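Enquirer: I am attaching a structure below and will ask some questions about it afterwards.
The values are calculated or read from the model by the stated rules, or taken from the named source; none is laboratory data. These figures come from a predicted structure and were not determined experimentally. Here the Cβ is made from the backbone with ideal geometry for all residues, glycine too, and neighbour counts use every protein chain on show.
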Ligand SMILES: Cc1ncc(C[n+]2csc(CCOP(=O)(O)OP(=O)(O)O)c2C)c(N)n1
C-alpha cells in the first residue's frame, strides 16, 4: 500500500475523485494494480479510449472535479486525443494518465513511445512526464490544481512503467478549495451606477455559472434589475429558456435580426464567459476591438478577460460572487425603456423558437421527435447530444429549464453523446438521461453503450438515422451544389444491433408512432434504444429551379 501509484491515487481520493474511465494497457499495469486497493474509486472499463476520455469529460462537467481517464502509451494515447481537445475547448478539468515506456528507453524511439510534451503541448494546460517515483503524489496534486484553476482544462500525467510500483513515503498533498474572488467595493459601486442608468443592458452569461449556486445567482441578478440574459455557446442550461428575460443563446444559427438587436444594447455584462469565437459570432459582436457599448467582462481567468474585446471594466473574479455583489440593496427603479427592450428581445427569440411544422416524404422530421422528448422529459432530465444537424431542434426549440442539463460538446465533436450519457447516468442514477445521436456519430463511439447494459443504466438512446453525414452534406450542397461525395452512409440494422447488445429496441418509421415509442422508452428500468428513420430532405438547403 505504499507504492508510488498508491500515493497518486490517495491524492485523487483525497480530492473527491471517486471514478476513473479506462482502457487497460501493459504500460500502466502498476497503476491498475494499485487501483485494486481503492474500492472507493469506481473503475469504468471502456471499449475505446475516445469513449473513456469523453466519459471523463462529461463526468467532470457534472461534478466540477477533474474527470480522470487512464490509457496506455502510443496507440491508447493517440485514441484519447479527441477527448483532450474537447476538454480544452469546453473548459473542462480533465486528468489524463498515460503509461510510458521505462525510463531507460525514453527518447530512444522505443516501442509505442511518444513524446507527450510535444504531442499534447498545444491542447493540454500541463504535460508532465514523471521521472522519479517520489514525484507521483505531487504531480497528482498539481494536476488537480492546474486542471481546475483559471479556465479549467486538460492536464496529462505521463508515468513510465518502471516507476509505478516503487515504495515511497506518503506526504499529505491536499488543499481546500479556494474562496471565490469578488471585485473591490469601489468597482462594484461604479458598476451599480452603470446598471442603474442603462436603458438597454444585456447579460451574456457563460459556463462560470455552472458553479454551485451559480444559476440561482444569475436569475436573481437578472430579475432584480430586469436585465435580459443571452447565454454563451451551448450553455442553454444555466438560465431558464422559458423565462421572459431569456434573450437566447449566442450560437451557430442566430438570425441577423437578433444579433442586430443585441448590438443596440448600451451595456453588456459578459459574466463567466470567455466570449470566444462562436459566442461573439466570429468576433463580430460586439465591435472589435472596442465595443460601442459599455462592456464589462468578468471571468475567473486573467488570460481571458479582454483577450478579444477591450472592456471598460475588466474584472478577474468569480462571476457568481460578482452577480451576488451586484444585487441591489433595495428594489430599484427600472428605466421604462428597459422593459420595452426586454420585451423586444423576447419577441425576437419567440419568433424563431416556435416548433416547426414541416412535412417530409423521406422520413420523420427529427424536430417532431425532439418535441415528444421535450413533452415527456422530467424536470431534472439530463440530455446528452452528439454532434450533427439532428441536434439543431434541441438547441433551438427544447427550452431547457434548470435543473435540466444539456450535455453537448462545445468542441462540436462527434462521438461524445453516447459516452456522455453513460457517465451522466452513472453520476446521477436517479435522474432521467436521454441521449440523442446521429447515425454517423453513433458508429464512432456507440460501442460504449454496452456499459449501459452491463450496469443496467436506464438510459434512453434515440438514434436519428438519415443515412447521411447530413451536417456536411448540407455544406456540400451549399458550396458545391449537386456534387455529393463521401457523405452518404450505408448502415447496419440498428434495431438488431441494439438487441444484440442486450437492450430493448424499437424502430420508428411513422411520425404518429413517435410519442408512444418515447413513452415506452422512458418507462423501462434498463437501457432502451429507439432508431428513428429521419428525413434527410428537410435538413437540406432548398434548391430553387427557375
Ligand atoms: C470526430 C468528428 N469528425 C468529423 C466531424 C465533422 N462533422 C460534423 S457533423 C458531421 C456529420 C454528423 O453526421 P450524423 O452523426 O449522422 O448526424 P447528422 O448531421 O446526419 O444529423 C461530421 C462528419 C466532427 N465534428 N467530429
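Enquirer: Select from the range 284-311 the residues that are surrounded by 16 or more Cβ atoms within 10 Å (Cβ to Cβ), under 24 Å from the mean Cα position of the chain (by Cα) and under 18 Å from residue 252 (Cα atoms) and list them in ascending order.
Expert: 285
Enquirer: So how many residues does the range 370-390 have that are closer than 24 Å to residue 428 by Cα, crowded, with 24+ Cβ neighbours inside 10 Å and within 15 Å of the ligand (Cβ to nearest atom)?
Expert: Adding up the residues that qualify gives 4.
Enquirer: Search the range 434-473 for residues being within 9 Å of the ligand (Cβ to nearest atom) and more than 24 Å from the chain's Cα centre (by Cα), and hand back the single one that is surrounded by the fewest Cβ atoms within 10 Å (Cβ to Cβ).
Expert: Result: 467.
Enquirer: How many residues, within the range 44-71, are more than 18 Å from residue 447 (Cβ to Cβ) and surrounded by fewer than 24 Cβ atoms within 10 Å (Cβ to Cβ)?
Expert: Summing the residues that are more than 18 Å from residue 447 (Cβ to Cβ) and surrounded by fewer than 24 Cβ atoms within 10 Å (Cβ to Cβ) in the range 44-71 gives 4.
Enquirer: Given the residues 197, 175, 169, which is the only one that is modelled with pLDDT under 95 and over 31 Å from the mean Cα position of the chain (by Cα)?
Expert: So the residue among 197, 175, 169 that is modelled with pLDDT under 95 and over 31 Å from the mean Cα position of the chain (by Cα) is 169.
Enquirer: Moving to a separate point now. Can you pull out the strands (runs of 3 or more DSSP E) entirely within the range 12-80 that have at least 2 residues that are modelled with pLDDT of 95 or more, touching a helix residue (DSSP H, G or I) at 6+ places or on another chain (Cβ under 6 Å) and closer than 22 Å to residue 413 by Cβ?
Expert: Where strands (runs of 3 or more DSSP E) fall fully within the range 12-80 and carry at least 2 residues being modelled with pLDDT of 95 or more, touching a helix residue (DSSP H, G or I) at 6+ places or on another chain (Cβ under 6 Å) and closer than 22 Å to residue 413 by Cβ, they are 19-22, 67-71.
Enquirer: Out of all the residues in the range 409-424, which are crowded, with 24+ Cβ neighbours inside 10 Å and either within 12 Å of the ligand (Cβ to nearest atom) or within 10 Å of the chain's Cα centre (by Cα) (or both)?
Expert: Matches in the range 409-424: 409, 415, 416, 417, 418, 420.
Enquirer: Moving to a separate point now. May I ask you to say which residue of 96, 106 is in contact (Cβ under 8 Å) with a residue 24 or more places away in the chain and out of contact with any helix residue (DSSP H, G or I) (no Cβ under 9 Å at 6 or more places or on another chain)?
Expert: Of 96, 106, the one residue that is in contact (Cβ under 8 Å) with a residue 24 or more places away in the chain and out of contact with any helix residue (DSSP H, G or I) (no Cβ under 9 Å at 6 or more places or on another chain) is 106.
Enquirer: Also, I was wondering about something else. Need pairs with beta-carbon distance below 8 Å; first residue in a strand (DSSP E or B) and within the range 453-467, second surrounded by 24 or more Cβ atoms within 10 Å (Cβ to Cβ) and modelled with pLDDT under 95; sequence gap 6+ or separate chains.
Expert: Every condition considered, no pair remains.
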